[in-house]
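**Student:** Pasting a structure here, questions to come.
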Amino acid sequence: MVPALEVCGSRITGWNISFADTVADNASSGAVVVGEDAFRIDQVSTVDLAMSMSVDGVKVSAGTGRDCLGDPVLAVAWLAQISRGIGAPLRAGELVMSGALGPMFPLTPGARVTATFPDLGTVAMRLGEGNTT
């Protein structure tokens with residue numbers, strides 16, 4: 001496990017989004033920023049894993065592993081079962097995002113985002129014009 005930030009990049013105005021829109025919008029995926037330190041899953045209580053996110057030094061989101069289908073491990077297990085069932089199993093070395101531990105927050109260019117996971121560390125980024133740095 002590593003700390004990570006997912007940057008949503010929806011092209012749907014106002015998040016007035018249906019399931020079909022989500023598929024057409026590539027699941028609103030924009031970018032992923034991954035921390036440097038990796039942990040074995042047995043080193044952390046995934047249910048109690050806490051996260052706090054700030055934008056430009058102001059706390060804007062928080063949550064725990066419980067906020068991700070009750071446990072991020074359950075979310076990844078579900079994905080693994082579905083993927084295997086359709087003949088496209090997860091492979092060693094692939095990056096798999098479990099899902100959000102807290103609500104997303106709208107960003108503007110230049111925003112500095114930091115997510116702190118007391119048990120995993122910190123991951124940070126600055127949103128540039130049309131990309132992340």
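**Student:** Whole-Hz Karplus ³J(HN,Hα) for region 110-120, in order, using 6.51 cos²θ - 1.76 cosθ + 1.60 and θ = phi - 60°, x for Gly and Pro?
**Tutor:** My calculation for region 110-120 gives x, 4, 9, 10, 10, 10, 10, 10, x, 8, 10 Hz in order.
**Student:** Here's another thing I want to ask about it. Convert each backbone phi in region 75-81 into a coupling constant with the Karplus relation 6.51 cos²θ - 1.76 cosθ + 1.60 (shift: θ = phi - 60°), then list the ³J(HN,Hα) values in order as whole Hz, x for Gly and Pro.
**Tutor:** Listing the rounded values in order: 5, 5, 4, 4, 4, 4, 5 Hz.
**Student:** Near Leu49, within a Cβ-to-Cβ distance under 15 Å, what is the net charge of the other residues, with Lys and Arg +1 and Asp and Glu -1?
**Tutor:** For residues surrounding Leu49, the net value is -4.
**Student:** Here's a follow-up. For region 4-126, just run the numbers: alpha carbon Rg, then divide by 2.2 N^0.38 Å, N being how many residues it has.
**Tutor:** Rg over 2.2 N^0.38 Å, computed on Cα atoms: 1.11.
**Student:** Also, I was wondering about something else. How large is ³J(HN,Hα) for each residue in region 3-8, as worked out from phi by the Karplus curve 6.51 cos²θ - 1.76 cosθ + 1.60 (θ = phi - 60°), to whole Hz, x for Gly and Pro?
**Tutor:** x, 8, 10, 9, 9, 6
**Student:** Which of Thr64, Ile86, Ala75 sits closest to the plus end of the dipole of region 47-97, meaning its Cα is farthest towards the positive end, when Lys and Arg get +1 and Asp and Glu get -1 on the C-beta?
**Tutor:** Farthest towards the positive pole: Ile86.
Values quoted throughout were computed directly from the atomic coordinates according to the rules given, and no laboratory measurement underlies them. No experiment lies behind these values; they were computed from the predicted model shown. Counting neighbours? That spans all protein chains shown, and the Cβs are built from the backbone with ideal geometry, glycine included.
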